[in-house]
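Let me begin by presenting the structure, written as structure tokens, before commenting on it.
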Amino acid sequence: MSASESKKVTLVIPAVQPQHVAVDLPEGVLFCSPGLREATGASFFVSPELPMNPSEARGQLHELLQYGLSFRSARDMSSVVLAEKATQHDAPEPLNDEFADLDAFAATGEFVPTEKEEPVVDAVLQARIAAQKTLLLAWDMEQRIAELGALKDKFTASSANMDAILGITDEDDLEELPGIEPKAALVGDVEEDLGMPWRAVAAAIIEFSPKDTRFVAVKKELADVLTEIGEDITLDSITAEEYGFSLPENFGWKLYSVKAYELLGHTRVPEGWECLNRTVEIFTVA
């Protein structure tokens, strides 16, 4: 569903998939779509500013994932990206045009320099492309987190079933059984292992949100920053007319006001991210 900017919009931040959020959200709180076809239902806000259509977004996500698979680690990928940027910055201009000018002079005796058209770089478009790529990767990562979480739950259930079948009540009992190795364990936080940096995802969501959008923080780190640097502007009641959803009185949610760039850890607005030079209102859930 595409939501118009005239409609009051409240978006989840920094998650993009409903299944990634544990808290129950009121009807009317939406998720920012990365532009994929499966993210166009009633639960999603589809920004008209997304630079890629659903087909292009799907292809872009595939390219991003394939590119990522060519590296052994995120550190390796970062090193290559930084090296490419340095090469582009330091490399001399191509000499093809200069050689063409010399050839023309040798043939005609006249020097008429070739007019060179400077490429037009749309900084806003580039920022939006980068933001949509971030949302696409966040979508994929949250999908993987959900799949790994389901696998972990299945493993735990299967392990409990095995204990019941063998009559095992303690891990030590398992070690005493001949021919049976102690159980393995799925450990670690899959969100920490796979998750995108929340500040990058939050910045991308803000990039595509209408100017009067409000947000609902669903990550503890974000809520902690809000309570530290945000201004508490909690209201007695929340109405659908004002926020796109409603809450009963004394529901327990807090509402904070904060500059977007400060929320994301910047001392000033980053170049190319003018969307962060605005004050945003963000709820924290009880």
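The values are calculated or read from the model by the stated rules, or taken from the named source; none is laboratory data. Since we're looking at a predicted model, the values are computed, not measured. So basically every Cβ, Gly included, is an ideal-geometry build from the backbone, and we count neighbours across all protein chains shown. Surface areas here come from the heavy atoms of the whole protein model, side chains and all, with no ligands, DNA or RNA. Shrake-Rupley method; radii C 1.70, N 1.55, O 1.52, S 1.80 Å.
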Worksheet, complete the sentence: Output for Cβ contacts, cut-off 8 Å, separation at least six or different chains, first residue in contact (Cβ under 8 Å) with a residue 24 or more places away in the chain in region 41-54, second outside any loop (DSSP other than H, G, I, E, B) and of a type in the set (S, T, N, Q), reads L50/Q132; P51/Q132; M52/Q60; M52/Q132
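Every residue in region 228-246 that is part of a strand (DSSP E or B) and open to solvent by 20 Å² or more (accessible area, probe 1.4 Å), please.
Of region 228-246, the ones part of a strand (DSSP E or B) are 231-232, 238.
Within region 228-246, E231, D232 meet the criteria.
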Practice prompt. Could you tell me which of the residues F251, F283 is under 14 Å from P26 (Cα atoms), without any contact (Cβ under 8 Å) to a residue 40 or more places away in the chain and either open to solvent by less than 50 Å² (accessible area, probe 1.4 Å) or over 19 Å from the mean Cα position of the chain (by Cα) (or both)?
Written response: F251
Discussion item. Here is a check on your reading of the model: is A74 loosely packed, with under 10 Cβ neighbours inside 10 Å, farther than 17 Å from L136 by Cβ and at pLDDT below 75?
Written reply: no
Item to complete: Considering only residues that are of a type in the set (D, E, K, R), modelled with pLDDT of 60 or more and in contact with a Leu (Cβ under 7 Å, 6 or more places away or on another chain), look in region 115-157 and name the one that is least open to solvent (accessible area, probe 1.4 Å).
Response: D140
Worksheet item: What about L61, is it among the hydrophobic types (A, V, I, L, M, F, W, C), more than 25 Å from F283 (Cβ to Cβ) and within 17 Å of the chain's Cα centre (by Cα)?
Response: yes
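Per-residue answers, yes or no, for (1) open to solvent by 20 Å² or more (accessible area, probe 1.4 Å); (2) farther than 17 Å from V29 by Cα:
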{"position": "T213", "(1), (2)": "no, no"}
{"position": "L222", "(1), (2)": "no, yes"}
{"position": "Y261", "(1), (2)": "yes, yes"}
{"position": "E271", "(1), (2)": "yes, yes"}
{"position": "N277", "(1), (2)": "yes, yes"}
